[in-house]
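*Asks:* Take this structure first; my questions come after.
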Amino acid sequence: MVTVVVGGQWGDEGKGKVISYLCMRDKPHVIARAGVGPNAGHTVMYRGRKYPLRLTPSGFLHSDARLLIGAGVLVNPKVMLEEIEQLGIEQRIGIDRRCGIIEEEHISRDRGSEHLAGKIGSTGTGCGPANMDRAARKLRLAQEVPELEPYLTDVAEELNRAADEGRRVLIESSQGFGLSLFYGTYPYVTSKDTTAGMACVDVGIGPRKVKEVMVVFKSFPTRVGSGPFPTEMPQEEAERLGIVEYGTVTGRRRRIGWFDYEMARYAAMLNSASQIALTCIDYLDRSCRGVRSYEELSEKAKKFVEEVERRVGVPVTIISTGPEVEDTIDLREEKLG
Ligand code: GTP
Ligand code: IMP
Ligand code: MG
């Protein structure tokens, strides 16, 4: 059974948290990373330890899983090799031999660009320039990098085999709907599409094999970098609500806004979402922090969940009540049967 998890706003919705919960719970055979590349920063917090990840699949805590990086994902070998060593995942990580490689030159071009770093507010991780070189057909691929040789594989082959054998496969994307090159707030977007369809392309699986698409929404969406944010609130108001966040990769302060139902509906439509994961419900009402059953949520939080379901038209099956993996309410059995 293949599940795809994507972001529904401007990234940082808490995909890392939701994916790590799903993987600890469902124990997929294969967890494959889709998305742009190391511009992402997923935060996984488990029993007091914090793991900031840029390329490793967020489901790595489930120690029996094969971890794969799809061909569509850009790899910075330095970042990748550091994570492999720190997390001790040498034996179970596989990198597609066709992944594009980010070089120092891409990072300097990104950071030195008035347009990318200045106007768009890119993460400065070289992803934009590397994808430009890929389109120009001059980017180096993982198969040309000796240090990556021990990990190279054909991700599409592995994934499709697992899916055909009826095993659980989880595909995790990065960034979010509003950052899609085609459907986001162009030109203030990332260098690729970010919907579930793209995530499938990234890892080499066709749409017929996907069973579930889960879109992750934050109760109070955030955005880093420039670009429109129709429901943005002043920083002072966010502070009054006790919401202050900083980017995992760049350390920049995240802009905060109110939940945008219309954007959520549209994102769910383009992703053909079958489920919603709603994170940071504790921002709405502090009493919900760490709560692990639906009954214990406040009336205010329950009303919000119902409103999201009604206006987006997709069931909310996962509710996150704090950064810890285990601070999660799982309604999948109840709502999907
Ligand atoms: P990208 O791949 O970069 O888009 O990131 P992401 O979607 O994995 O999210 P990221 O980890 O960058 O940001 C989410 C932040 O919210 C992290 O600091 C998480 O630890 C935190 N977080 C996740 N879920 C919850 C929650 O339910 N409540 C609270 N308070 N924090 C949460
Ligand atoms: P780039 O992907 O580095 O080119 O950045 C383009 C835009 O996407 C900027 O607004 C970044 O802040 C944003 N962006 C890229 N990746 C992420 C992410 O993982 N989380 C949040 N914003 C991101
Ligand atoms: Mg992030």
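The values are calculated or read from the model by the stated rules, or taken from the named source; none is laboratory data. Note that the coordinates shown come from a computational prediction; the quantities given were computed from them, not determined experimentally. Note that each Cβ is placed from the backbone with ideal geometry, even for glycine, and that neighbours are counted across all protein chains shown. Side chains are part of the model used for accessible areas, which takes the heavy atoms of the whole protein and leaves out ligands, DNA and RNA. Shrake-Rupley method; radii C 1.70, N 1.55, O 1.52, S 1.80 Å.
*Asks:* For residues that are basic (K, R) and either exposed (fewer than 13 other Cβ atoms within 10 Å of the Cβ) or at pLDDT 95 or above (or both), tally how many sit in segment 237-252.
*Replies:* Step one: of segment 237-252, the residues basic (K, R) are 240, 252.
Within this subset, residues satisfying the condition of being either exposed (fewer than 13 other Cβ atoms within 10 Å of the Cβ) or at pLDDT 95 or above (or both) are 240.
The qualifying residues number 1.
*Asks:* Out of segment 43-66, which residues are assigned to a strand (DSSP E or B) and open to solvent by 10 Å² or more (accessible area, probe 1.4 Å)? Give the steps one after another, and end with the answer.
*Replies:* First, the residues of segment 43-66 that are assigned to a strand (DSSP E or B): 43-46, 49-53, 66.
T43, M45, Y46, R49, K50, Y51, P52, R66 - these are the residues of segment 43-66 that are assigned to a strand (DSSP E or B) and open to solvent by 10 Å² or more (accessible area, probe 1.4 Å).
*Asks:* If you take the residues of segment 80-124 that are assigned to a helix (DSSP H, G or I) and in contact with a Phe, Trp or Tyr (Cβ under 7 Å, 6 or more places away or on another chain), which of them is farthest from Y151 (Cα to Cα)?
*Replies:* Residues of segment 80-124 assigned to a helix (DSSP H, G or I): 80-87, 104-112, 114-120.
Subsequent filtering for residues that are in contact with a Phe, Trp or Tyr (Cβ under 7 Å, 6 or more places away or on another chain) retains 87, 120.
Numbers: L87: 15, I120: 34 Å.
Filtering first and then ranking leaves I120.
*Asks:* Inside segment 103-124, can you point out the residues that are under 23 Å from the mean Cα position of the chain (by Cα), among the small types (G, A, S) and over 23 Å from D202 (Cα atoms)?
*Replies:* Answer for segment 103-124, where residues must be under 23 Å from the mean Cα position of the chain (by Cα), among the small types (G, A, S) and over 23 Å from D202 (Cα atoms): A117, G121.
*Asks:* Determine which member of the set S320, S298 is in contact with a Ser or Thr (Cβ under 6 Å, 6 or more places away or on another chain), buried (at least 21 other Cβ atoms within 10 Å of the Cβ) and not hydrophobic (A, V, I, L, M, F, W, C).
*Replies:* On the way: S298 fails: buried (at least 21 other Cβ atoms within 10 Å of the Cβ).
Checking each option against the conditions leaves just S320.
*Asks:* Next up: Give P228, P234 a once-over and let me know the one that is open to solvent by 30 Å² or more (accessible area, probe 1.4 Å), modelled with pLDDT of 95 or more, within 14 Å of ligand 2 (Cβ to nearest atom) and out of contact with any Pro (no Cβ under 9 Å at 6 or more places or on another chain). Talk me through it step by step, then tell me what you get.
*Replies:* Details: P234 fails: within 14 Å of ligand 2 (Cβ to nearest atom).
The unique qualifying residue is P228.
*Asks:* Shifting gears a bit: With the condition kept exactly as written, say whether any residue in segment 291-304 is closer than 29 Å to D193 by Cα, acidic (D, E) and out of contact with any strand residue (DSSP E or B) (no Cβ under 8 Å at 6 or more places or on another chain).
*Replies:* No, there is no match, as no residue in segment 291-304 is closer than 29 Å to D193 by Cα, acidic (D, E) and out of contact with any strand residue (DSSP E or B) (no Cβ under 8 Å at 6 or more places or on another chain).
*Asks:* Name the residue that is most open to solvent (accessible area, probe 1.4 Å), counting only residues in segment 1-37 that are under 25 Å from I243 (Cα atoms) and small (G, A, S).
*Replies:* Residues of segment 1-37 under 25 Å from I243 (Cα atoms): 5-21.
Next cut, small (G, A, S) only: 7-8, 11, 14, 16, 20.
Values: G7: 1, G8: 0, G11: 4, G14: 25, G16: 3, S20: 1 Å².
Within segment 1-37, the match that is most open to solvent (accessible area, probe 1.4 Å) is G14.
*Asks:* Give just the number: which of (1) in contact with a Phe, Trp or Tyr (Cβ under 7 Å, 6 or more places away or on another chain); (2) surrounded by fewer than 20 Cβ atoms within 10 Å (Cβ to Cβ); (3) more than 21 Å from G11 (Cα to Cα) does I329 not satisfy?
*Replies:* The number of the failed condition is (2).
*Asks:* Let me ask something else. Would you tally the residues in segment 1-42 being in a strand (DSSP E or B) and more than 13 Å from ligand 1 (Cβ to nearest atom)?
*Replies:* As a first pass, look at segment 1-42 and keep what is in a strand (DSSP E or B): 2-7, 30-33, 42.
Filter again for more than 13 Å from ligand 1 (Cβ to nearest atom), leaving 2-4, 30-32.
Of the residues in that region, 6 qualify.
*Asks:* Take segment 268-303 and flag every residue that is over 23 Å from I243 (Cα atoms) and either of a type in the set (G, A, S) or within 16 Å of ligand 3 (Cβ to nearest atom) (or both).
*Replies:* Residues satisfying the conditions are A268, S272, A273, S274, S293.
*Asks:* Something else now. Determine if segment 180-189 includes at least one residue that is open to solvent by 10 Å² or more (accessible area, probe 1.4 Å), among the hydrophobic types (A, V, I, L, M, F, W, C), more than 24 Å from L67 (Cβ to Cβ) and out of contact with any Leu (no Cβ under 6 Å at 6 or more places or on another chain).
*Replies:* Looking through segment 180-189, at least one residue is open to solvent by 10 Å² or more (accessible area, probe 1.4 Å), among the hydrophobic types (A, V, I, L, M, F, W, C), more than 24 Å from L67 (Cβ to Cβ) and out of contact with any Leu (no Cβ under 6 Å at 6 or more places or on another chain).
*Asks:* Scanning segment 81-102 for residues that are buried (at least 16 other Cβ atoms within 10 Å of the Cβ) and of a type in the set (D, E), which turns out nearest to the chain's Cα centre (by Cα)?
*Replies:* For segment 81-102, the residue satisfying everything is E83.
*Asks:* Looking at segment 240-337, what helices (runs of 4 or more DSSP H) fall wholly within it and have at least 2 residues that are among the polar types (S, T, N, Q) and in contact (Cβ under 8 Å) with a residue 12 or more places away in the chain?
*Replies:* Numbers: elements: 261-271, 299-312, 332-336.
No helices (runs of 4 or more DSSP H) qualify here.
*Asks:* Kindly establish whether A135 is in contact with a helix residue (DSSP H, G or I) (Cβ under 7 Å, 6 or more places away or on another chain) and either closer than 28 Å to Y246 by Cα or not aromatic (F, W, Y) (or both).
*Replies:* Values: in contact with a helix residue (DSSP H, G or I) (Cβ under 7 Å, 6 or more places away or on another chain): no; either closer than 28 Å to Y246 by Cα or not aromatic (F, W, Y) (or both): yes.
Criteria not met by A135.
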